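The values are calculated or read from the model by the stated rules, or taken from the named source; none is laboratory data. Being a predicted model, the structure only gives us computed values, none of them experimental. Neighbour counts are summed over all protein chains in view; Cβ atoms, including those assigned to glycine, are modelled from backbone coordinates with ideal geometry. Surface accessibility is based on the protein's heavy atoms, side chains included, excluding ligands, DNA and RNA. Shrake-Rupley method; radii C 1.70, N 1.55, O 1.52, S 1.80 Å.
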Amino acid sequence: QVQLVESGGGLVQTGGSLRLSCAASGRTFTMAWFRQSPGEEREFVAAITRAATNTKYADSLKGRFTLSKDNRKNTMDLHMNSLKSEDTAVYYCASTRTWSELSNNPDDYTYWGQGTQVTVSS
């Protein structure tokens, strides 16, 4: 069983930066970040392969968000820069159950964290 715990969320001003971390216990495979705003569907943010050799980002976020992964610590970080009010959401860490191509479909991910709130204020 895999457990995922997110941290690093909080309140930040427009244009600021935040780093979200996802700590995993158990064996993870493809990992990803999704986000969800009230009344909206869960939205893909970025994904990274187990070996951290490949990444995939939502087109709208390229250049502002960067993924990194430390397999020794079993952690994954999301570095968010130039934050905008529309980045306000609960951010979720997720992992597939087995070997998987990078996917932006939340249905492909089996394990989920509890989420961490990011609020960007103007």
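Tabulated data for the structure shown
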read-out	value
Accessible-area composition of the stretch 1-107, carbon plus sulfur, in percent [1.4 Å probe]	43
Exposure rule at most 14 other beta-carbon atoms within 10 Å, DSSP loop GluC sites (Glu not before Pro): the chain longest free segment	42-100
Å² of accessible area per residue within the chain, as computed with a 1.4 Å probe and no ligands counted	53
Neighbour cut-off at most 13 other Cβ (10 Å), DSSP loop, trypsin sites (Lys or Arg not before Pro), the stretch 61-122	R72, K73, K84
Alpha-carbon centroids, the stretch 34-66 and the stretch 74-93: separation in whole Å	9
